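*Asks:* Can you read through this structure? Questions will come right after.
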Amino acid sequence: MGYKVKLNTFEGPFDLLVYLIENAKMNIYDIQVSEITSQYLAYMDKMQEMNVNLSTEFIVLAAELIEIKSKMLLPRTNPDDIYAVEEDPRSDLVERLLEYKRFKKGAAILEDQAEITSNIFEKPQEDISQYLENPDELINLDIKQFANAFNLFIRKKQRIEEVRKRYTRIERQRETAEARMKHIKSSFKRLGKKTVLFKELVPKKDDRYDVVLTFASLLELIKERDVVASQKRNFADIEVSEGEGK
């Protein structure tokens, strides 16, 4: 039977041996010692080729495997040449492997718990006596007042839900300065006047944004000589006429 050697990093000889047994899908109580020994020795040869120093434990276990392999090959007879039932030479190795797997499983559980607890942070105890010493403040309401307040809350919530079903809040689109400048220049023809008042150029007189936008646009048109503006006295109406650059 052929075998494959996978060069993993093992913590010790039993770690390697358990890997080889599980990888070959063997029953740990019925280990094919000959096959496992060959794979174990092949692994050691590969490691030596890679100049990896093997610990004494690997060599000791290799010797034990070879010894068990030789015992498995010898006939089990007594001095009278009668076959006798002797203890399985693998039994001691099996017990040690089972104990190793139990300890390894326990170590894995402890490692997982250590990782979980490393993410837990404790908060120091604080003095909360100031909150415990003060009694709870109770609202002095009779059942009728409480019922009226609750009904008022329910009706208000229902009205809000009704409004949300019928209406949708939208963001008003703001007009640009370029569009307002075109609006001002076309106002003379639209109103049929050569001179118009500033307040006639504001679409929404109660909107501060529209007022400021119209005024800023008017200043830009004056700068470009598209319109001419005049004011006879302070706080009087601003009169706007077409300019030279119209």
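The values are calculated or read from the model by the stated rules, or taken from the named source; none is laboratory data. As the structure is a prediction and not an experimental result, all values here were calculated from the model. Cβ atoms come from the backbone with ideal geometry, glycine included; neighbour counts cover every protein chain shown. Note: areas computed on protein heavy atoms with side chains; ligands, DNA, RNA excluded. Shrake-Rupley method; radii C 1.70, N 1.55, O 1.52, S 1.80 Å.
*Asks:* What ranking do 197-210, 103-116 get when scored by the average of other Cβ atoms within 10 Å per residue, highest first?
*Replies:* Details: 197-210: 13.6, 103-116: 10.2.
Going from most to least packed, we get 197-210, 103-116.
*Asks:* Another question, if that's okay. ³J(HN,Hα) across region 197-203 via Karplus (A = 6.51, B = -1.76, C = 1.60, θ = phi - 60°), whole Hz, x for Gly/Pro?
*Replies:* With coefficients 6.51, -1.76 and 1.60, one gets 7, 4, 5, 6, 8, 8, x Hz.
*Asks:* Further question: Need the full-extension length gain, residue 67 to residue 145, defined as separation in residues times 0.36 nm minus the C-alpha distance. One decimal, nm.
*Replies:* Difference between extended and current length: 18.7 nm.
*Asks:* May I ask you to rank 143, 120 by accessible area, largest first, using a 1.4 Å probe over the protein chains only?
*Replies:* Per-residue accessible area, sorted high to low, gives 143, 120.
*Asks:* Here's another thing I want to ask about it. Pairs 182/232; 185/223; 182/223: which exceed 19 Å Cα-Cα?
*Replies:* Over 19 Å Cα-Cα: 182/232.
*Asks:* Moving to a separate point now. What FRET efficiency would be calculated for the residue pair residue 119, residue 11, taking the C-beta separation as r and a Förster radius of 22 Å, to the nearest 0.05?
*Replies:* Between residue 119 and residue 11 the formula returns 0.30.
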